[in-house]
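The values are calculated or read from the model by the stated rules, or taken from the named source; none is laboratory data. Keep in mind it's a predicted model, so treat the numbers as computed, not measured. Counting neighbours? That spans all protein chains shown, and the Cβs are built from the backbone with ideal geometry, glycine included.
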Amino acid sequence: MASISTIAGLAPAPTRHAGLIAWVEQIAALTKPARVHWCDGSEAEKAAIVADLIDKGTLKALDADKRPGSYYAASDPKDVARVESRTFICSAEEIDAGPTNNWAEPGEMRTRLDGLFDGCMAGRTMYVVAFSMGPLGSELSALGVEITDSGYVAVSMGIMTRMGSAALEALGDDGVFVPAVHTLGAPLIEGQADVAWPCNAEKWIVHFPETREIWSYGSGYGGNALLGKKCYALRIASVMARDEGWLAEHMLILKLTDPKGRSKYMAAAFPSACGKTNLAMLQPTLPGWKAETIGDDIAWMRFGDDGRLYAVNPEAGFFGVAPGTSRNTNQNALATLATNTVFTNTALTADGDVWWEGLTKDVPAGMTNWKGVAHDPASGEPAAHPNARFAAPASQCPTIAPEWEDPKGVPIDAILFGGRRASAVPLVTEAFDWEHGVFMGSTVASEGTAAAENAIGELRRDPFAMLPFCGYNMGDYFAHWLALGAKADPAKLPGIFFVNWFRKGEDGTFVWPGFGDNARVLKWIAERLDGEADAVDTPVGRVPAQGALDVEGLSLSEADLATLLEVDAEVWTEEAGLIPPFYVRFGDRLPQALWAQHAALTERLAAVR
Ligand code: PEP
Ligand code: MN
Ligand code: NA
């Protein structure tokens with residue numbers, strides 16, 4: 001490929017894409033970096049960027065025997081999670097961002113960004129990171145280019161996406177890409193010493209849905225900075241999907257195979273930090289059942305010519321929450337991150353490895369905590385930040401399905417919704433039909449976790465687990481789901497189910513064992529799809545009939561089982577009463593069909609009270 005020089009004296013562009021070159025030149029003129037580097041995605045390039053980051057103190061190499069090819073970063077203590085309060089959807093009309101997103105007038109926002117980005121990369125290297133979301137060349141995939149002044153972001157994008165020359169080649173001379181600009185917002189003046197984790201106290205995560213652009217200022221953290229993930233593959237892609245008739249969803253994808261060798265593909269949406277990664281890598285406790293992983297966070301889905309819904313995982317890596325990951329909870333995740341992994345905000349052990357709460361029962365002595373000081377177990381402070389993360393290649397997962405990169409995607413048999421609910425919500429409920437399933441998805445609620453800013457334990461509505469990730473009015477989003485289902489052949493639509501692993505008993509402990517035993521619920525779902533398992537109708541949907549859920553070998557009492565599957569009409573009448581105050585926020589953008597679903601639920605509840 002011919003080299004075309006971009007900026008006088010700076011790196012030549014390894015592309016003939018005139019639009020891309022012009023955009024890179026424009027951003028370089030605005031942000032004024034010291035250097036421009038076009039990423040090729042090679043191992044040699046990664047080694048060079050890593051060496052530079054080690055030099056600057058951003059990364060530490062972990063012990064080469066214990067954790068080969070792996071690195072550790074500790075962030076600024078004020079840059080540890082996505083910042084939803086600083087995340088904006090700048091549609092032309094405020095109503096199109098909807099009541100659940102922050103909105104700012106696009107012209108005003110552009111003026112603000114022009115000011116913020118002027119000279120923001122001074123003294124730093126500007127990395128040009130071309131990437132594919134989805135397998136290269138798949139019709140379900142789409143391309144993007146992230147410009148970033150963070151080497152940590154460039155390296156992480158190399159793990160999380162198909163990044164570099166292959167993506168540039170896929171772009172060709174005039175391919176469409178989503179432009180994404182990221183800066184730490186920490187320019188260096190001549191002679192100024194850098195810090196290990198540069199960032200800015202001010203943060204802006206901005207999306208322009210109509211022009212499909214992303215601008216991110218001031219944070220180096222995952223979802224704020226790795227722009228292929230939440231910003232592109234969910235917020236911008238959800239808008240593309242609305243316009244083009246497909247679905248961009250906050251869903252894991254897994255393959256479940258029964259003892260007879262029959263496989264089902266399931267996509268599941270749970271709010272952040274509710275165990276998507278664990279379910280995606282589940283090890284069934286049921287003999288003869290096998291689970292394999294396709295993706296742990298995002299699904300792009302489109303109806304195929306045969307009328308079925310096909311899904312790909314647009315990502316190439318897992319950016320998972322480390323705390324709580326252990327041999328008991330997710331052995332496959334541990335195996336995945338044995339090598340070639342970047343850890344952020346875990347603790348460091350004295351012998352050059354990482355540790356987090358839950359990894360082992362014993363707390364190793366002599367650790368350095370995520371804030372870089374000696375860990376004092378007596379302090380009561382965790383050694384790892386509760387939102388400490390790993391970024392690891394999906395290909396390293398022992399249970400990765402052979403078809404995980406199939407350009408056709410996999411045909412989805414079931415869609416699951418869920419959240420963390422201590423009360424009311426049964427272990428599993430089957431929707432009566434697609435429309436009822438969309439109603440279920442629209443009412444997902446969960447108790448707060450470390451992944452978001454809201455208080456831990458507080459209930460928040462998180463429809464389709466997309467609340468922080470839908471790039472447009474969620475009323476229109478519900479309508480899009482309804483419309484796709486209405487157009488499809490009902491016999492070929494996936495079944496829709498609602499699950500809740502987190503039901504608590506009167507003593508305040510979890511009733512359901514969870515983890516590998518969640519396969520028992522998936523088994524019932526698979527058997528329902530095959531017409532082989534019994535269910536009983538309740539006002540909220542179909543739950544397993546007596547004896548239909550395989551609980552053999554579990555130490556569950558009859559009372560426990562009753563708690564897990566009970567639908568208390570009193571409690572549910574209260575629960576149903578919480579929906580209208582949420583729905584009214586969407587005004588006339590809330591589809592009438594969902595109000596009708598709510599009315600039907602209320603009637604079914606009244607009939608049994
Ligand atoms: C993130 O916070 O960057 C992220 C990937 O998100 P979450 O786990 O919240 O879905
Ligand atoms: Mn997520
Ligand atoms: Na997060």
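Which condition number does T509 fail, the rest of (1) β-branched (V, I, T); (2) in contact with a His (Cβ under 6 Å, 6 or more places away or on another chain); (3) farther than 21 Å from F417 by Cβ being met?
So the condition that T509 fails would be (2).
Among the residues of region 80-99, is any within 16 Å of ligand 3 (Cβ to nearest atom) and of a type in the set (D, E)?
Step one: of region 80-99, the residues within 16 Å of ligand 3 (Cβ to nearest atom) are 80-87.
With of a type in the set (D, E) added as a condition, the list becomes 84.
Checking region 80-99: at least one residue is within 16 Å of ligand 3 (Cβ to nearest atom) and of a type in the set (D, E).
Can you say whether G261 is surrounded by fewer than 24 Cβ atoms within 10 Å (Cβ to Cβ), among the small types (G, A, S) and away from ligand 1 (no atom under 11 Å from the Cβ), as far as the supplied structure shows?
Here the answer is yes, as G261 does meet what is asked.
Can you tell me how many residues within region 200-233 are part of a loop (DSSP other than H, G, I, E, B), within 16 Å of ligand 1 (Cβ to nearest atom) and out of contact with any helix residue (DSSP H, G or I) (no Cβ under 9 Å at 6 or more places or on another chain)? Outline the logic, then answer.
Initial filter on region 200-233 (part of a loop (DSSP other than H, G, I, E, B)): 200-203, 209-212, 218-221, 226-227.
Narrowing the set further to residues that are within 16 Å of ligand 1 (Cβ to nearest atom) leaves 203, 218-221, 226-227.
Going one step further and asking which of them are out of contact with any helix residue (DSSP H, G or I) (no Cβ under 9 Å at 6 or more places or on another chain), we end up with 221.
Going through region 200-233 one residue at a time, the tally reaches 1.
One residue is enough: does region 292-313 have a residue meeting the conditions more than 16 Å from ligand 3 (Cβ to nearest atom) and closer than 20 Å to K361 by Cβ?
Here is the first cut: in region 292-313, the ones more than 16 Å from ligand 3 (Cβ to nearest atom) are 292-295, 299-313.
Narrowing further to those that are closer than 20 Å to K361 by Cβ: none.
No, because not a single residue in region 292-313 is more than 16 Å from ligand 3 (Cβ to nearest atom) and closer than 20 Å to K361 by Cβ.
Conditions: (1) buried (at least 24 other Cβ atoms within 10 Å of the Cβ); (2) among the aliphatic types (A, V, I, L, M); (3) closer than 16 Å to R86 by Cα. A233 meets all but one. Number of the miss?
In the conditions (1) buried (at least 24 other Cβ atoms within 10 Å of the Cβ); (2) among the aliphatic types (A, V, I, L, M); (3) closer than 16 Å to R86 by Cα, A233 misses (3) alone.
Starting from region 73-86, keep only residues that are closer than 24 Å to D52 by Cβ, then list their pairs with residues that are near ligand 3 (Cβ under 9 Å from one of its atoms) and part of a loop (DSSP other than H, G, I, E, B) whose Cβ atoms are within a distance under 7 Å, requiring at least 6 positions of separation or different chains.
Here the result reads S75/Y221; D79/Y221; V80/Y221; V80/N387, each pair linking region 73-86 to a residue that is near ligand 3 (Cβ under 9 Å from one of its atoms) and part of a loop (DSSP other than H, G, I, E, B).
Filter region 427-456 down to the residues that are closer than 22 Å to P581 by Cα and either modelled with pLDDT of 95 or more or among the aromatic types (F, W, Y) (or both) and list them by number.
The answer is E435, H436, G437, V438, F439, M440, G441, S442, T443, V444.
Within region 268-276, does at least one residue satisfy the condition of being assigned to a helix (DSSP H, G or I), under 19 Å from T100 (Cβ atoms) and hydrophobic (A, V, I, L, M, F, W, C)?
Checking region 268-276: not a single residue is assigned to a helix (DSSP H, G or I), under 19 Å from T100 (Cβ atoms) and hydrophobic (A, V, I, L, M, F, W, C).
What's the number of the only condition in (1) out of contact with any strand residue (DSSP E or B) (no Cβ under 7 Å at 6 or more places or on another chain); (2) surrounded by fewer than 17 Cβ atoms within 10 Å (Cβ to Cβ); (3) touching a residue at least 12 places away in the same chain (Cβ under 8 Å); (4) polar (S, T, N, Q) that T111 fails to meet?
(3)
Taking A338 and the conditions (1) aliphatic (A, V, I, L, M); (2) crowded, with 24+ Cβ neighbours inside 10 Å; (3) away from ligand 1 (no atom under 15 Å from the Cβ), which numbered condition does it fall short on, given that it satisfies the others?
A338 satisfies all of (1) aliphatic (A, V, I, L, M); (2) crowded, with 24+ Cβ neighbours inside 10 Å; (3) away from ligand 1 (no atom under 15 Å from the Cβ) except (2).
For residues in region 115-129 being part of a helix (DSSP H, G or I) and out of contact with any helix residue (DSSP H, G or I) (no Cβ under 7 Å at 6 or more places or on another chain), which is surrounded by the fewest Cβ atoms within 10 Å (Cβ to Cβ)? Step through it out loud before you land on a result.
Residues of region 115-129 that are part of a helix (DSSP H, G or I), as a first pass: 115-117.
If we keep only those that are out of contact with any helix residue (DSSP H, G or I) (no Cβ under 7 Å at 6 or more places or on another chain) as well, we get 115-116.
Details: G115: 10, L116: 19.
Applying the filter and picking the extreme gives G115.
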